[in-house]
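The next block holds one structure in the form of structure tokens; read it before the comments.
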Amino acid sequence: MFKKAKWGISMKKLSSLSAVLLLSVGLMAGCGDSSKEENVSTSKGNEPTATQAFPVTIKDAAGEEVTIEKEPKKIVSLIPSNTEIVFELGAGDNVVGVSDNDNYPKEVENIEKIGGMEMNTEKVISLEPDLVLAHASNAHNGSEGIKQLKEVGIPVLVVNDSQNFEQVYKSIEMIGQATGENEAAEELVQDMQEDLKEIEEKAKAVTEQDRKKVLIEVSPAPEIYSPGKNTFMNEMLQMIGADNVAGDLEGWAKIDEESMIEANPDVIVTTYGYYTEDPVAQVKSRSGWEDVTAIKQEQIYDVHSDLVTRSGPRLVEGVEELAEAIYPNIFN
Amino acid sequence: MLKQSIRTSLTNNKPLAYIIAVSFLLFSMMVGISIGSVSVPFLTLFQILGKEVFHLPIAAQPDTMFTNIVMNIRLPRVLLAGLVGASLAIAGAAFQGLLRNPLADPYTLGVSSGASVGAVATIFLGISIPVLGNFTLPILSVVFSIITIFCVLFFAKKMDRSMKVETIILTGIIFSSFLSAFISLMIALTGEELRQIIGWLMGSVSMRGWSYIVIILPFFVIGSLTLMMNTQELNAMTFGENRAKHLGVNVQRRKLTILIAGSVLTGAAVAVSGTIGFVGLVIPHIIRQIWGPDHKHLLPLSLLIGSGFLILADLVARMVISPSELPIGVITSLIGAPAFALILLKRRRQGER
């Protein structure tokens, strides 16, 4: 009688099916609409004028245009290098959340911790920040969390990853823009550039024959990794006028023992002293290494890892420490 | 047809099998010592070996760097790889025979998990015992593995007085999972030590030195000799424990002996080199395919071939992307799996004729 014979579906089933479809369409429309609304509201912000710092729109490392309405008073930093830059720019009082790995400056001990490798999104939201400084190096890990923060309306700025000093300056400027400390950022970058120039000048005193071969170890035996091309430490060694044993390899390279002995470094620098006991003694006691120049002349030094790997303002200190260890006559 | 009979006579000829196995081992050792990221000229190599190893009166003074590399880096590395490969292969063969399970390997009983927990805990907690110093890790690892063996056996006995093999395997799985959970926990909580821990777990024989050989040697000697004294009993137990008992085998005692000997071998091997997989599982199978399931020959041949195999695997691991190194466990599986597949295919095709 009805369409039952034609369609093969009873009226009851048809009505329940259409009810479910309507419901799901309605839900999806609802969810879709809310995000659209947000985009509309944030893009209503003005472009920064010459005299006014806020609101400001910055294109971050993830390619997103992030708009910060006013000077942030509650900043959450997801990675120690961001924190160090913020403090150095003088906005440290506005930091309300840092990662578990933060250890500098001392003030961070009293600041709320929001997680280590994985950030605790709830904690971050509970701090009600008006700016979250993320980082390109762990953005893909925390992309879900970052998305959640954005959905709640918190501006998230992904600071660029840095493999060399130029990129560090860029990240300092980006954070400076975001926190309204443009002048401080410019000053900091200038200071860093001047200090490094000074070191490069002094390094010109290193003659060809005095040039030393340096082996940097970033992890203890038996998994010894050494920084090669496109790492800070490689750049630092070049600035100081030293040769990097791992200089031909890409990134963090694992070198086998034989090659290290053959390379016969003049100086060995370790950066794992802060979690390994007496790295210098460990290196000295390696069997088979007795005739390596660095061991014979006891040129083994430990430099704190944070100073040479954290892409922040203290890198200059790292360069100075390296320089002092390798060429004590020229730098002190 | 001629080919078939040659093959049969080859595989039945046991002395020839040993000659092949020993030559393979010697060949691997020679290749392993000669090749490395630093190319040592052959003449220098012979001079160094002649002088230091055989104490021959050679006038030439080889370069100290080469001597250091060969004597203190390459030679102990090759020997360690050989000992570890031998331990894992013979333990694997024994377990496969005892547990009557072709999928059994030295890690089935959870001993390797115990050893790993000991090692990972040492790295994670930064433990350093004053007397032992740098050797805290392997020694703690061995201690943990021994504790694990006894826990597994004790628990298995509690569960089932006769300690049927199914019970032992189940107990092994229980302990293995439980201990692995600890390792995962430490990995989740670790900060700086992650690379060290993962590196250790993937297995390696690099930067160990002669002292590690001293650690594994006693366990290797005692374990292998014990196992080789039990080959007759292993053969008998292949037919089932009741039959073995009727053949006059003291099943309970022999089972315990073999289990403990095999576990001690495994524990020591894992303690000095991390968890290198595949060797204990597949080498006995390969031997069995070529030379038959008689444990009297299976065990020693596994020992020799397993030894040579791991030396070659280590050679590949350190040469393929020299001067960088790959983890040896990756190489054992990459080479071993296709090789095993080839052997199975060849045998299968032969059997169909």
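The values are calculated or read from the model by the stated rules, or taken from the named source; none is laboratory data. This is a predicted model, so every value here is computed, not measured. Glycine also receives a Cβ, built like all others from the backbone with ideal geometry; neighbour counts cover every protein chain displayed. These area figures cover heavy atoms from the full protein model, side chains too; ligands, DNA and RNA do not enter into them. Shrake-Rupley method; radii C 1.70, N 1.55, O 1.52, S 1.80 Å.
Out of the residues in the stretch A:81-99 that are under 16 Å from the mean Cα position of the chain (by Cα) and closer than 20 Å to residue A:182 by Cα, which is surrounded by the fewest Cβ atoms within 10 Å (Cβ to Cβ)?
Filtering first and then ranking leaves A:87.
So is residue A:214 within 11 Å of another protein chain (Cβ to nearest Cβ), surrounded by 22 or more Cβ atoms within 10 Å (Cβ to Cβ) and either over 22 Å from residue B:63 (Cβ atoms) or free of Cβ contacts under 8 Å to residues at least 40 places away in the same chain (or both) or not?
So residue A:214 fails the test.
For the stretch A:198-215, does any single residue satisfy the condition of being farther than 30 Å from residue A:330 by Cα and part of a loop (DSSP other than H, G, I, E, B)?
The answer is no, given that none of the residues of the stretch A:198-215 is farther than 30 Å from residue A:330 by Cα and part of a loop (DSSP other than H, G, I, E, B).
Examine the stretch B:85-108 for a residue that is more than 13 Å from the chain's Cα centre (by Cα) and within 11 Å of chain A (Cβ to nearest Cβ), and state whether such a residue exists.
No, the stretch B:85-108 contains no residue that is more than 13 Å from the chain's Cα centre (by Cα) and within 11 Å of chain A (Cβ to nearest Cβ).
For the stretch A:150-184, how many residues are assigned to a helix (DSSP H, G or I) and under 17 Å from the mean Cα position of the chain (by Cα)?
13
Within the stretch B:21-38, which residues are in a loop (DSSP other than H, G, I, E, B) and among the hydrophobic types (A, V, I, L, M, F, W, C)?
Within the stretch B:21-38, B:35, B:38 meet the criteria.
Restricting to the stretch B:53-65, count the residues that are open to solvent by 40 Å² or more (accessible area, probe 1.4 Å) and either within 13 Å of another protein chain (Cβ to nearest Cβ) or under 21 Å from residue A:258 (Cα atoms) (or both).
Of the residues in that region, 5 qualify.
Please indicate, with yes or no, whether at least one residue in the stretch B:296-316 is within 14 Å of another protein chain (Cβ to nearest Cβ), within 15 Å of the chain's Cα centre (by Cα), buried (at least 16 other Cβ atoms within 10 Å of the Cβ) and not polar (S, T, N, Q).
Yes, that holds for at least one residue.
Yes or no: the stretch A:71-80 includes at least one residue that is modelled with pLDDT of 90 or more and surrounded by fewer than 15 Cβ atoms within 10 Å (Cβ to Cβ).
yes
Across the stretch B:69-84, which residue is nearest to residue B:316 (Cα to Cα) among those that are open to solvent by 10 Å² or more (accessible area, probe 1.4 Å) and more than 8 Å from chain A (Cβ to nearest Cβ)?
Out of the qualifying residues, it is B:77.
Suppose the filter is open to solvent by less than 40 Å² (accessible area, probe 1.4 Å) and in contact (Cβ under 8 Å) with a residue 60 or more places away in the chain; does residue B:50 pass it?
No.
Return the only residue of B:141, B:176, B:162, B:112 being over 25 Å from residue B:285 (Cα atoms) and modelled with pLDDT of 90 or more.
Testing whether each residue is over 25 Å from residue B:285 (Cα atoms) and modelled with pLDDT of 90 or more leaves just B:141.
Mind telling me which of the residues B:90, B:187, B:149 ends up being over 20 Å from residue B:217 (Cα atoms) and β-branched (Val, Ile, Thr)?
Only one candidate qualifies: B:187.
Sort through B:307, B:302 and tell me the only one that's more than 30 Å from residue A:255 (Cβ to Cβ), polar (S, T, N, Q), in contact with a helix residue (DSSP H, G or I) (Cβ under 7 Å, 6 or more places away or on another chain) and modelled with pLDDT of 85 or more.
The match here is B:302.
I need a count of the residues in the stretch B:31-43 that are within 16 Å of residue B:67 (Cα to Cα) and either surrounded by fewer than 15 Cβ atoms within 10 Å (Cβ to Cβ) or modelled with pLDDT of 85 or more (or both).
Adding up the residues that qualify gives 9.
Check whether at least one residue in the stretch B:274-293 is surrounded by fewer than 24 Cβ atoms within 10 Å (Cβ to Cβ), over 24 Å from residue B:111 (Cα atoms) and of a type in the set (Lys, Arg), and report yes or no.
Yes, the stretch B:274-293 contains a residue that is surrounded by fewer than 24 Cβ atoms within 10 Å (Cβ to Cβ), over 24 Å from residue B:111 (Cα atoms) and of a type in the set (Lys, Arg).
Which members of the stretch A:248-275 meet the condition of being modelled with pLDDT under 90 and more than 10 Å from every other protein chain (Cβ to nearest Cβ)?
Across the stretch A:248-275, the qualifying residues are A:251, A:273.
Take the residues in the stretch B:109-140 that are within 14 Å of chain A (Cβ to nearest Cβ) and among the polar types (S, T, N, Q); name whichever of them is most open to solvent (accessible area, probe 1.4 Å).
Here the residue is B:134.
Taking the stretch B:155-211 as the region of interest, how many residues are more than 14 Å from chain A (Cβ to nearest Cβ), out of contact with any helix residue (DSSP H, G or I) (no Cβ under 9 Å at 6 or more places or on another chain) and closer than 30 Å to residue A:221 by Cα?
Qualifying residue count, the stretch B:155-211: 3.
List the helices (runs of 4 or more DSSP H) inside the stretch B:186-240, counting only whole elements, that have at least 1 residues being closer than 16 Å to residue B:96 by Cα and either in contact (Cβ under 8 Å) with a residue 12 or more places away in the chain or open to solvent by 40 Å² or more (accessible area, probe 1.4 Å) (or both).
B:210-229, B:231-237
Scan the stretch A:219-237 for residues that are outside any helix (DSSP H, G or I) and either within 21 Å of residue A:172 (Cα to Cα) or open to solvent by 20 Å² or more (accessible area, probe 1.4 Å) (or both) and jot them down.
Residues satisfying the conditions are A:221, A:222, A:225, A:229, A:230, A:231.
Out of the stretch B:168-218, which residues are β-branched (Val, Ile, Thr) and touching a Lys or Arg at 6+ places or on another chain (Cβ under 7 Å)?
The answer is B:205, and nothing else.
Sort out which residues of the stretch B:317-339 are of a type outside the set (Ser, Thr, Tyr), open to solvent by 10 Å² or more (accessible area, probe 1.4 Å), over 18 Å from the mean Cα position of the chain (by Cα) and within 14 Å of another protein chain (Cβ to nearest Cβ), and write them in order of number.
B:319, B:320, B:321, B:323, B:325, B:326
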